Amino acid sequence: MLVHLIAPVDGLKENIDSLRLIVKTVKENGHDLARDWLEIAYEEEMSKTTSSSESVWQEIIQSNLEAIAKADVLIADITYDNTAIGYQIATAIHQKKPVLLTLRKGREVSPFTWNIPSTFLKKVEYTPENVGEEIMPFLKENDITTKDMRFNFFIDRQIYNYLRWAAFKTGKTKAEILRELVQREINDKEI
């Protein structure tokens, strides 16, 4: 499963250990990050070499939006809440992606962000010691790697006839043929 972690750079110095534990938990449970940005951002924040030019920010924004689209789920740490995080959360919810809001206990957060009404949104408060334990149920609940997903769609007579012919010719099911076609399309796009 692809997980995208979002957190503001503001407060990164103070929150890096908790964010690292989130990344560690994600990876230890066999998941991948849609965009592995944390350590790079932390190093840049510590050295303050990041330029604030418009092109740099456009690249960061574009990378985040692509990661949201690519990810299966998002973990949004809102311990240091800002508008950009809210925008990314709203984008993910609009794309019907499950989102886990994480907030360190004792921190204040915008009531708007914490109370976004959506069935795609879960919330947990954590301590730096238990952050991994708090995100585990969300990862397990949304892990689709061990489940086959099913959906129905309508096809015309020409597509049906082709699938029936291809199934007979190859000895595969129509579903297998469609999965292979989609996988081939995905592989062609990743080049």
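The values are calculated or read from the model by the stated rules, or taken from the named source; none is laboratory data. A quick note: this is a predicted structure, and the numbers were derived from the prediction, not measured. Cβ: placed from backbone, ideal geometry, glycine included. Neighbour counts: every protein chain shown. In case anyone asks, the SASA skips ligands and DNA or RNA and just uses the protein heavy atoms, side chains included. Shrake-Rupley method; radii C 1.70, N 1.55, O 1.52, S 1.80 Å.
So here's what we get for this one:
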| read-out | value |
| --- | --- |
| Selected residue (only one of ILE68, ILE60, ILE89, ILE16 is in a helix (DSSP H, G or I), surrounded by fewer than 17 Cβ atoms within 10 Å (Cβ to Cβ) and either of a type in the set (Val, Ile, Thr) or out of contact with any Ser or Thr (no Cβ under 7 Å at 6 or more places or on another chain) (or both)) | ILE60 |
| Among (1) touching a Pro at 6+ places or on another chain (Cβ under 7 Å); (2) open to solvent by 80 Å² or more (accessible area, probe 1.4 Å) - the single one PHE120 does not satisfy | (2) |
| Selected residue [basic (Lys, Arg), part of a helix (DSSP H, G or I) and either open to solvent by 10 Å² or more (accessible area, probe 1.4 Å) or under 15 Å from GLY132 (Cα atoms) (or both)] from LYS24, LYS97 | LYS24 |
| LEU65 within 12 Å of the chain's Cα centre (by Cα), at negative phi and modelled with pLDDT of 95 or more | no |
| All positions within the stretch 142-175 that are without any contact (Cβ under 8 Å) to a residue 40 or more places away in the chain, open to solvent by 70 Å² or more (accessible area, probe 1.4 Å) and under 31 Å from the mean Cα position of the chain (by Cα) | THR146, LYS147, ASP148, MET149, ARG150, PHE151, ASN152, PHE153, PHE154, LYS174 |
| Odd one out for ALA84, checked against (1) open to solvent by less than 70 Å² (accessible area, probe 1.4 Å); (2) touching a Phe, Trp or Tyr at 6+ places or on another chain (Cβ under 9 Å); (3) under 22 Å from SER110 (Cα atoms); (4) assigned to a helix (DSSP H, G or I) | (2) |
